[in-house]
Amino acid sequence: MNAIEIENISKQFGKVKALDDVCLEVKEGECFGLIGPDGAGKTTLFRILTTLLSPDNGKASVNGFDVKRDYLEIRKCVGYMPGRFSLYQDLSVEENLEFFAALFNTKIKDSYSLIEPIYKQIEPFKTRRAGKLSGGMKQKLALCCALIHYPKVLFLDEPTTGVDAVSRSEFWDMLAGLKAKRITILVSTPYMDEASRCERIALCNEGKILTTNTPKNIVDGYNDELYAISADNMFELLSLSRKVKGVKECYPFGESHHLVVEKDFDKEYFANELNQIKNLQIKKASPSIEDMFIKLMKR
Amino acid sequence: MKQLFILLQKEFIQIKRDPFISKLIIMFPILVMLVMPWVTTMDIRNVCVTIVDKDNSSLSRRMTSDIKASEYFTLTPSASSYNEAKAMLEDLKTDIILCIPENFERNLTNSTPEKINISANAVNATKGSLGSQYLVQTIMSSISKQNQEKGLSTPLELVTIKNYYNETLNYKYLMIPALMIILLIVICGFLSAVNIVIEKENGTIEQINVSPINRFTFILAKLIPFWIIGLFVISIAMLITWLVYGLAPVGSIGYIYLASILFILVFSGFGVTIANKSDNIQQTMFVMFFFLLTFMLLSGLLTPISSMPKWAQYATIILPPRYFIDIMRGVYLKGSGFMDLWYNFLALGIFAVAFNLLAAKTYKKQG
């Protein structure tokens, strides 16, 4: 059985199509990533799956329960961590946990084995008010609260946004630990580099799913030739390279620009055309998820 | 039940830890009850009177000293002519001009005298008209006293006045019940509304919405603290009224509490309904302010409903404070019992049920 099944879900806010005919399946025990920029419709999809929002069209089920008909059942078996920190800032760490445990009619000790590895890290601050915690700790507390009733499916909406690089990496390690407990995780992120930490991902943009696959298969499916170029004047380099024959695409990518080229691209010719630019360096580059995303988005 | 208890516990912890709300609940009723009854008075005092005395007789001097002795008036230096006094009126140096014509006393006994003229600044209509009336009464009593002393025939005093229920016409006694009601509207209506909207603004309501908790339980947990706070506030207000103003209800205090409970139910339900329908604190506050003004000015808290235009009198039927103020003034001043007031209790009861149902109905866990 699939933990999450989404069939032709659409949702419109006024004239904006937040979700446009989305289909998706997430297997039980899978860590599935929704990757896409802001405004891709990730949060809307989460809100529909957590029964906070009703879809206009289509069907969706979570853990076998229909989001429209069996919404009460879904609320018992899912954990939701919204993008914004939304615990009670004026309650302490411990009080927040106890409160959410009571909301779900359980006790902390019932699911302690599940949250222990995460809770251990914030336990020294258990009497501190949640509002006074650092960003990384807030996120850990929010995760603990979302797990307090031992959910079958965990929804994490941009859990790593606004968190430092070390904490982000730690957070993904924690998710890997949860996977071992057979919890299905649907996680969204705007960071393409985090995609590789998921088993399968869906790239989405403007309410549509562009592709769904494992991160490796997505990268392998990239069939264009790709170069990384850099020079002293990066801005000039960008505008000039776009005009050279044989160049399909050129876009900024970290410290360099990525150059997508036609089959008949000649490196020497390209360097020659741009000879007025100082310190031009051209290297073959291996494609990443972001390159694939840009390619699919432009199509 | 256990969930309700946990939710209530959370609400009380939050109220206790809020540095502002917890102080407000105690300080607000104390300040309002200590300060407002003194200032919300329609009693006219210290009206400045300028006398233009062209008669200069024993009668006119008696009038002057009677006016001077009255607690309602303050005498300004007298003016020699009406025009001079008029200039003072325009400069706001005086409120009322009393012009006693020449030979007034002499003409009073043998012929019809020229009339005494009173001119008042009526920018503040109440001050102008009440001030003139007081002045007429003072002058009339001066004249009759003088006539009595001289053994002249005096018009008999045909009218005596007794003011029941508030014998000294103490304006505070009229205002205090109204102030108590305003206190309850602000504490129970505003605070409960803001309390819910804050959960919306902070996003914490999302976490509640995805939990299996019953929405009625959630709303009940939001309402109960404000019922308790409301009863606490009305108790403080009644205590201060008794200690400071010596005003205790003539009737049973039980009726006051019964009416307060119903009224608190009405307004906490009302506040929560408004909060459910708004997205942020600004919206809630503006809507609440609109209703607060309507309730204060239109339900007979400050001005009598019977002097409003007919259409406004009909409109007051749907305003809950109108029934509460009848109970409060009735029990406090007249000692009315349940049989005199039952329809007010019934009306408040209906409002309480309606608004609380509305509060639970308008709260939806699903957007």
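Just a few scattered comments:
- Taking the average, over residues, of other Cβ atoms within 10 Å as the packing measure, peptides B:49-61, B:180-192 rank B:180-192, B:49-61 from highest down.
- When the helices of chain A are scored as -39500 (n - 2.57) per DSSP H run of n ≥ 4 and the total is divided over every residue, the value at 222 nm lands at -9500 deg cm²/dmol.
- 37 °C / 0.692 mPa s Stokes-Einstein diffusion coefficient of the protein assembly as shown, Kirkwood radius on C-alpha pairs, µm²/s: 103 µm²/s
- Computed extension gain for B:Tyr245 through B:Ser81, at 0.36 nm per residue and net of the alpha carbon distance, reaches 54.6 nm.
- Normalised convex hull volume, chain A, alpha-carbon set, Å³ per residue: 152 Å³
- Rg and Dmax of chain B, based on Cα coordinates, read 27.9, 95 Å.
- Per-residue mean of C-beta atoms belonging to partner chains within 10 Å, peptide A:69-76: 2
- Using a cutoff of 8 angstrom between alpha carbon atoms and counting only pairs six or more residues apart, the relative contact order for the range B:179-273 works out to 54 percent.
- At R0 = 51 Å, FRET efficiency that the Cβ-Cβ distance of A:Lys107 and B:Leu293 yields, to 0.05: 0.55
- Inter-centroid distance (Cα atoms) of the range A:218-264 relative to the range B:96-128, Å: 101 Å
- The A:Met297 and B:Arg215 beta-carbon pair, evaluated with R₀ = 30 Å, returns a calculated FRET efficiency of approximately 0.15.
- Once you divide the Cα radius of gyration of the range A:1-160 by 2.2 N^0.38 Å, the number left is 1.09.
- Rg/Rh (Cα only; Kirkwood hydrodynamic radius) as it applies to the range B:1-70: 1.58
- Order by protection proxy (mean Cβ within 10 Å, highest first), peptides B:314-325, B:85-96, B:164-175: B:314-325, B:85-96, B:164-175
- Using a cutoff of 8 angstrom between alpha carbon atoms and counting only pairs six or more residues apart, the relative contact order for the range B:47-149 works out to 33 percent.
- Taking the DSSP bridge list for the protein assembly as shown and keeping only pairs wholly inside it, about 60 percent are antiparallel.
- For the range A:222-298, the calculated P(r) over all alpha carbon pairs, in 10 Å bins from 0 to the bin holding the longest distance, is 19, 58, 21, 1 percent.
- Per-residue HN-Hα couplings for the range B:176-183 [Karplus 6.51, -1.76, 1.60; θ = phi - 60°; Hz; x = Gly/Pro]: 4, x, 5, 5, 4, 5, 4, 4
- Each of the peptides A:206-214, A:18-26, A:163-171 was scored by the mean count of other Cβ atoms within 10 Å over its residues; in descending order, highest first, they stand as A:18-26, A:206-214, A:163-171.
- Backbone phi angles across the range B:42-48, fed through the Karplus curve with coefficients 6.51, -1.76 and 1.60 (θ = phi - 60°), yield HN-Hα couplings of 9, 4, 9, 9, 6, 6, 7 Hz in residue order; Gly and Pro are listed as x.
- Spatially close lysines, pair count over the range B:47-149: Cα under 23 Å, gap of eight or more or interchain: 15
- The convex hull built on the alpha-carbon positions of the range B:275-367 has an orientation-averaged projected area of 7.6 nm².
- By the compact-protein rule of thumb, 2.2 N^0.38 Å, the alpha-carbon radius of gyration of the range B:156-272 corresponds to a ratio of 1.51.
- If R0 is 60 Å, the Cβ-Cβ spacing of B:Ser111 and B:Phe232 corresponds to a FRET efficiency of close to 0.30.
- 20 °C / 1.002 mPa s Stokes-Einstein diffusion coefficient of the range B:68-179, Kirkwood radius on C-alpha pairs, µm²/s: 127 µm²/s
- Among beta bridges identified by DSSP and lying wholly in chain B, the antiparallel ones come to about 35 percent.
- Antiparallel bridges, percent of DSSP beta bridges restricted to chain A (to nearest 5): 65 percent
- Among B:Cys99, B:Phe12, A:Pro124 the positive-end extreme of the charge dipole of the protein assembly as shown (Cβ point charges): B:Phe12
- Exercise: per-residue mean of other protein chain Cβ atoms within 10 Å, B:12-20: 2
- Averaging the sequence gap over all C-alpha pairs within less than 8 Å and six or more residues apart, then dividing by the number of residues, gives chain A a relative contact order of 20 percent.
- Simple spin-label estimate for A:Asp21 and B:Leu358 in nanometres, 7 Å along Cα-Cβ: 4.5 nm
- Chain lengthening between A:Tyr269 and A:Phe13 when straightened (0.36 nm per residue, less Cα-Cα): 87.2 nm
- Taking label positions 7 Å along the Cα-Cβ direction at both A:Asp220 and A:Leu238, the computed distance is 3.4 nm, reported to one decimal.
- Take each residue in B:200-210, count the other chain C-beta atoms within 10 Å of its C-beta, and the mean is 6.
- Inter-probe distance in nm under a simple model that places probes 7 Å from Cα toward Cβ, at A:Glu262 and B:Ser252: 9.8 nm
We did not get these values from a lab; they are worked out from the coordinates using the rules stated. A quick note: this is a predicted structure, and the numbers were derived from the prediction, not measured. Glycine gets a Cβ as well: all are built from the backbone with ideal geometry, and neighbour counts include every protein chain shown.
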